[in-house]
Amino acid sequence: MAKKTYIKAITEGIDIALAEDPKTLVFGEDVGKNGGVFRATNGLQKKYGADRVFSTPLAESGILGMSIGLAVTGWRPVPEIQFSGFIFEALDSIVAQMSRIRFQYNGTKNAPITIRTPYGGGTHTAELHGDDFENFFVGVPGLRVVTPSSAYDAKGLIISAIENNDPVVFLENLRLYRSVKGEVPDDKYTVPLDKANVVQEGKDVTIIAYGGEVSEAQKAVKKLAKDNISAEIIDLRSLYPLDTDTIFASIKKTHHVVIVQEAQKQAGVGAQVASAISEGAIMYLDAPVSRVAAPNSVYPFPQAENVWLPTANDIEEAARDTVNY
């Protein structure tokens, strides 16, 4: 087992899916010969041919509209939207079409579409390149929304997403592409789409995070441990549906919770997690739910990005406050 980057793990997962199912197709802006703007599909067109891995025009609505037609006629499309901020051109295809196909056809047709798209800040990108727009998708019945935080999960989750018969919005955290490495098996394996991961066990406080904020939580936990505060980290992995069983089991043990998201606080994934806790585990809490999130403002220009994004210090402070409540 070798150490691989987050993006290399995604490439390997797509490679395995293409090799196992000739009905799997990969396409998007520059994903063919160029291998995508981040080289996530590097070498795949050469290996599988331009009929199965190909570039499209700069037309997000066309990319996802075509995906629907392919899916309902027996193909398994894996379209790439180059940045999640570009996806709004294709919202009709996602919200009004692919998410409803199983319902519309009374379960006789599926939409096995895996929409890959990078998201998240920390890399000083241009406007609409670093935003966190996951909240637009977690409220859409019929969609699965997934985001890995490690190289191991990235490979296992992309394979599971492609093999799944539901439409999946597969969010790839931009700053993790090459900053995160981990042990990743060369062979095929899968990670469940609807199961959270207990990254680190603890007994005093539960820190719930996802995407790029999991690594920030890990930094915070090391600081907390110096003062004998034992924190448990849960990586949601699946933003919809939520694995509330894992969340509730942790809260019953620690009795304190901090929910972390990189996105703006208003109407985010953290709000849904907090709501689920209030409905299913509030009697186990010894302190109010604490939330760490970005300000409710437009994503800033690169010059202000570092002060806008939630950090390990923010998580540490929130954890200390809730433990000492």
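The values are calculated or read from the model by the stated rules, or taken from the named source; none is laboratory data. Here the structure is a predicted model, which means the values were calculated and not measured. All Cβ positions, even for glycine, are placed from backbone atoms using ideal geometry, and neighbour counts span all protein chains on display. Ligands, DNA and RNA are stripped out before the accessible areas are found, and what is left, the full protein with its side chains, is counted by its heavy atoms. Shrake-Rupley method; radii C 1.70, N 1.55, O 1.52, S 1.80 Å.
One table, with the values for the structure above:
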| quantity | calculated |
| --- | --- |
| Extension gain from ARG39 to HIS124, taking 0.36 nm per residue of separation minus the Cα-Cα distance | 28.7 nm |
| Segment 197-324, accessible surface, carbon-and-sulfur percent (1.4 angstrom probe) | 49 percent |
| The chain, relative contact order [Cα under 8 Å, separation at least 6], % | 17 percent |
| Order by protection proxy (mean Cβ within 10 Å, highest first), peptides 216-224, 153-161 | 153-161, 216-224 |
| Gyration tensor (alpha-carbon) shape descriptor, segment 197-324, a/c threshold 1.5 | oblate |
| Accessible-area ranking of ARG237, ARG76, ARG39, largest first, probe 1.4 Å | ARG39, ARG76, ARG237 |
| Residue-count net charge about ALA59 - beta-carbon cut-off 12 Å; Lys, Arg +1, Asp, Glu -1 | -3 |
| Rounded to the nearest 20 debye, dipole of segment 206-299 from Cβ charges on Lys, Arg, Asp, Glu | 240 debye |
| Positive-end residue, segment 197-324 charge dipole about Cα centroid, Cβ charges, pick of ALA271, GLN200, ALA294 | GLN200 |
| Label selected from (1) 210; (2) 127; (3) 179, the criterion being volume of the Cα convex hull per residue in Å³ as computed here | (2) |
| 10 Å beta-carbon shell around TYR240, net charge (K/R +1, D/E -1) | -1 |
| Whole-Hz ³J(HN,Hα) from phi, Karplus 6.51 cos²θ - 1.76 cosθ + 1.60, for segment 167-176, glycine and proline x | x, 10, 8, 9, 8, 10, 5, 4, 6, 8 |
| Net dipole in debye of segment 2-184 [+1 Lys, Arg Cβ; -1 Asp, Glu Cβ; about Cα centre; nearest 20] | 540 debye |
| Stretch gain in nm, segment ASN313-ALA267, where the contour uses 0.36 nm per residue and the Cα spacing is subtracted | 14.2 nm |
| Accessible area, probe 1.4 Å, largest first, for residues LYS181, LYS226, LYS253 | LYS226, LYS181, LYS253 |
| Mean accessible surface per residue for the chain, computed with a 1.4 Å probe while every protein chain stays in place, in Å² | 42 Å² |
| Structure-based [θ]222 nm, the chain - -39500 (n - 2.57) summed over DSSP H runs of at least 4, per residue, nearest 500 | -9500 deg cm²/dmol |
| Straight-distance crosslink candidates among lysines, where the alpha carbon sits under 16 Å from LYS222 and sequence neighbours closer than 8 are dropped | LYS203 |
| Positive-end residue, the chain charge dipole about Cα centroid, Cβ charges, pick of LEU58, TYR48, THR123 | TYR48 |
| Farthest positive-ward along the chain dipole, Cα basis, beta-carbon charges - from PRO22, THR108, VAL72 | PRO22 |
| Karplus (6.51, -1.76, 1.60) ³J(HN,Hα), θ = phi - 60°, over segment 198-212, in Hz, Gly and Pro reported as x | 7, 6, 8, 8, x, 10, 9, 7, 9, 10, 9, 8, 7, x, x |
| Inter-centroid distance (Cα atoms) of segment 210-279 relative to segment 1-71, Å | 32 Å |
| Residue-count net charge about ASN34 - beta-carbon cut-off 15 Å; Lys, Arg +1, Asp, Glu -1 | +1 |
| Kyte-Doolittle at least -0.5, axis length at least 20 Å by Cα - qualifying DSSP helices, the chain | 6-20 |
| Solvent-accessible area, 1.4 Å probe, carbon plus sulfur percent, for segment 2-184 | 53 percent |
| By accessible area with a 1.4 Å probe, ligands and nucleic acids excluded, highest first: order of MET66, MET1, MET98, MET283 | MET283, MET1, MET66, MET98 |
| Student exercise, the chain dipole from Lys, Arg, Asp, Glu Cβ charges, in Debye to nearest 20 | 660 debye |
